[in-house]
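Everything on this sheet refers to the single structure shown next.
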Amino acid sequence: MLLSSLVAQASPLSEQQVNQLQGLVSQLNPIQQAWVSGYLAASAQLAGQLSGQPVPAQAAASASLTILFGSQTGNARHVAEALAKQAQAKGIVAKVVDMAEYKTSQLKNEQYLVIVTSTYGEGEPPENAIGLHNFLFSKKAPKLPGLKYAVLGLGDTSYEFFCKTAQDFDQRLAELGATSVLPRIDLDVDYQSQADNWSNELVTKLEPELTAAGPSAQVIAWPGSDATVGAVSQYSKQKPFAAELYTKQKITGRDSTKDVRHIEISLADSGLSYQPGDALGIYFLNDPALVRELLLLTAVARDTPVQLAGDTLTVEQALIEQLELTQSYPAFVEKYAAATNNATLTALAGDKAALRAYIGERQIIDIVRDYPGLLSAQQLVDALRKQQPRLYSIASSQAEVEDEVHLTVGVVSYDAYGQPHLGGASGFLAERLAEGDKVKVFVEHNNNFRLPPGDDTPVIMIGPGTGIAPFRAFLQERDARGAAGKNWLFFGNPHFTQDFLYQLELQNYLKRGVLTKLSVAFSRDQADKLYVQDKLRAHGRDVWQWLEDGAHLYICGDANRMAKDVQQALIDIVQQYGGKSAEQAQTYLDELRVAKRYQKDVY
């Protein structure tokens, strides 16, 4: 029987929800439909806790563990899911919830809560954690005397506001009367082993109180998370796929100040799938020439054996394949200064502000060039942290490219201190990886950057520079689906003739009507610089009307300046054309974000 016939007989759904459900089911293959059915059946057991509705007696009989994650890049999600699996192994019912999906009205009913969160920008919560963070610090936040909680923070000690969001959550929950069952832990980039140990200690503490009454303890996870789709592919961040590089092509002009590459990678035989809005993780190899210089400056023989994560390998192999050499961080300066007995570096390490300023402009090799010293191979390896994969917004839709994945990569290349410098992953992809070579990859899902479920919904996309990447995927997807919704793209770069990324594709979409409007800002092509935020203001009346007509709004690109400038332009537009105060305009955008009509992928 057709879904529409079934729904028509006895449906608690609205007509709009029925249409959305039909639209989703029509896009799924039988395997995906079966997974959705199983997910819904499992999550129904705890739906009451998530929605605030009465919980069936059997579900209410035993307490469960709620694990919330706030994640900008996916690391906090992975830690949350691993914690849930550890709890499951001890017979504890645990649910993993994206903070963006969490009903704040449920907070007062929670008994056991874990928060795993990263910190973004200048001590700000990641995008999906903003709503919960704002709620907790508002007058609406309830007293929580019956809540037991724990907080794990992920961050980078290179930044001034290291793990501030985790500290905020910890402090505020305590102020609201909740009881911490384990001291908060703030972890640096190389977090995995410490996170595992902390999670194990937490589960051990909670086990006597939370052991499930029945034998069927389970993890109920956020849709799209690795905990819910394990059978789809054997490859993940922990076990990346060795993919073949098909194509790399420079797509900026000869005289451009930017070097942007279009990258095409094969996912054939991997089982990996992705949606527009997801990212591709890249594991890269460090430049062998850079490694040779580092070994020369420290007088370490290249074939010296070292221990790394329980394995024995040569120091050269460790430096090329597994350790971070292009991003500097305070711990390296401290450890290197101690190993080489360098008094100047030791003093610098003691001045946090001066140290951040120093490493902010330097790669690891620059520090060693400034302060060459003698140390053992093992001391050198121990001073460095494990390399973290780089994430790139996916610039393609599988509906069009099938078993390929496309990226838009801006090559980090600059001269400093008399030496040329390249970014780790971008330099590897652009300069050292040849077509036909292999690169280790994985898909990082991002359910907080998704096209609207309805194909008739209008979309506004703001993506200057390489921020255009996910919107190329959006347009491919909507084209393949024959979506009737209007699409408006704002794109910017320095020069029309040198930096108009994917120009022919965009003009073709515009000609065919897939792209309804294309507004471009080439900042250096006139006396007064022109940016995407200026274009937004110039079209403010239309932008406001699109939003009032239900448009979903997306921003991708630079977080430090562009995203903030665009945010201010949007506030100005809502004030001017919506007749609102600055505070009301901010509330309007906040409500769009809560409704998932305002989403960001910024870095």
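Only one entry of Gln275, Gln317, Gln249 meets the criterion of being modelled with pLDDT of 95 or more and not assigned by TED's automatic domain parsing to the domain that holds Asp403, and that entry is Gln317. Restricting attention to region 241-272, the residues that are of a type in the set (S, T, N, Q) and surrounded by fewer than 16 Cβ atoms within 10 Å (Cβ to Cβ) total 3. When residues in region 407-438 are screened for being acidic (Asp, Glu) and assigned to a strand (DSSP E or B), 1 of them pass. Taken together, Ala595, Ala582 contain a single residue that is farther than 30 Å from Thr408 by Cα and surrounded by fewer than 16 Cβ atoms within 10 Å (Cβ to Cβ), which is Ala582.
Only one of the numbered conditions (1) surrounded by 21 or more Cβ atoms within 10 Å (Cβ to Cβ); (2) of a type in the set (A, V, I, L, M); (3) under 24 Å from the mean Cα position of the chain (by Cα) is not met by Val401, and that is (1).
Scanning region 526-575 for residues that are under 22 Å from Thr408 (Cα atoms) and either under 21 Å from the mean Cα position of the chain (by Cα) or free of Cβ contacts under 8 Å to residues at least 24 places away in the same chain (or both) yields Leu553, Tyr554, Ile555, Cys556, Gly557, Asp558, Ala559, Asn560, Arg561, Met562, Ala563, Val566. When region 544-565 is limited to residues that are touching a Lys or Arg at 6+ places or on another chain (Cβ under 9 Å) and part of a helix (DSSP H, G or I), the one that is farthest from Gly121 (Cα to Cα) turns out to be Trp546. The single residue among Ala357, Ala347 that is within 28 Å of the chain's Cα centre (by Cα) and farther than 21 Å from Val291 by Cα turns out to be Ala357. Examine region 439-453 for a residue that is more than 30 Å from Gln238 (Cβ to Cβ), part of a loop (DSSP other than H, G, I, E, B) and in contact with a strand residue (DSSP E or B) (Cβ under 6 Å, 6 or more places away or on another chain), and state whether such a residue exists. Within region 439-453 (the criterion being more than 30 Å from Gln238 (Cβ to Cβ), part of a loop (DSSP other than H, G, I, E, B) and in contact with a strand residue (DSSP E or B) (Cβ under 6 Å, 6 or more places away or on another chain)), the answer is yes, since at least one residue qualifies.
Of the residues making up region 108-132, those that are over 21 Å from Ala84 (Cα atoms) and either in contact with a His (Cβ under 6 Å, 6 or more places away or on another chain) or of a type in the set (A, V, I, L, M) (or both) are Pro125, Ile130. Taking region 160-197 as the range and being closer than 12 Å to Thr119 by Cβ and without any contact (Cβ under 8 Å) to a residue 60 or more places away in the chain as the test, the residues that pass are Phe161, Phe162, Cys163, Lys164, Ala166, Gln167, Asp168, Phe169, Asp186, Leu187. Here Asn508 passes the criteria (1) in contact (Cβ under 8 Å) with a residue 24 or more places away in the chain; (2) surrounded by fewer than 18 Cβ atoms within 10 Å (Cβ to Cβ); (3) over 17 Å from Asn493 (Cα atoms) except the one numbered (1). Scanning region 489-503 finds one or more residues that are surrounded by fewer than 18 Cβ atoms within 10 Å (Cβ to Cβ), of a type in the set (Ser, Thr, Tyr) and on the phi < 0 side of the Ramachandran plot. Screening Ser236 against (1) assigned by TED's automatic domain parsing to the domain that holds Ala395; (2) assigned to a loop (DSSP other than H, G, I, E, B); (3) of a type outside the set (Asp, Glu) leaves a single unmet condition, (1). Selection within region 298-312: residues that are of a type in the set (A, V, I, L, M, F, W, C) and surrounded by fewer than 16 Cβ atoms within 10 Å (Cβ to Cβ). The member of this set that is farthest from Leu285 (Cα to Cα) is Ala299.
Residues that are small (Gly, Ala, Ser) and free of Cβ contacts under 8 Å to residues at least 60 places away in the same chain were ranked within region 377-416; the one that is nearest to Leu285 (Cα to Cα) is Ala383.
Annotation for region 180-189: no member residue is assigned to a helix (DSSP H, G or I), surrounded by 21 or more Cβ atoms within 10 Å (Cβ to Cβ) and assigned by TED's automatic domain parsing to the domain that holds Ala94. Of all residues in region 325-340, exactly one satisfies the criterion of being within 30 Å of the chain's Cα centre (by Cα), free of Cβ contacts under 8 Å to residues at least 40 places away in the same chain and surrounded by fewer than 20 Cβ atoms within 10 Å (Cβ to Cβ), namely Glu334. Of note, Ala141 satisfies the criterion of being over 24 Å from the mean Cα position of the chain (by Cα) and at pLDDT 95 or above. A count restricted to region 127-136 and to residues that are out of contact with any helix residue (DSSP H, G or I) (no Cβ under 7 Å at 6 or more places or on another chain) and crowded, with 21+ Cβ neighbours inside 10 Å stands at 1.
Remark: Asp156 matches the filter, which requires a residue to be out of contact with any Leu (no Cβ under 9 Å at 6 or more places or on another chain), acidic (Asp, Glu) and at pLDDT below 95. Please count how many residues of region 553-599 are more than 13 Å from Val532 (Cα to Cα), touching a strand residue (DSSP E or B) at 6+ places or on another chain (Cβ under 7 Å) and modelled with pLDDT under 95. Count: 1.
Which is surrounded by 19 or more Cβ atoms within 10 Å (Cβ to Cβ), modelled with pLDDT of 95 or more and under 20 Å from the mean Cα position of the chain (by Cα), of Thr228, Thr165? Within the list Thr228, Thr165, the selection yields Thr165.
The values are calculated or read from the model by the stated rules, or taken from the named source; none is laboratory data. Values in this document were obtained by computation on a predicted structure and should not be read as measured data. All Cβ positions, glycine included, derive from the backbone under ideal geometry; neighbour counts span all protein chains shown.
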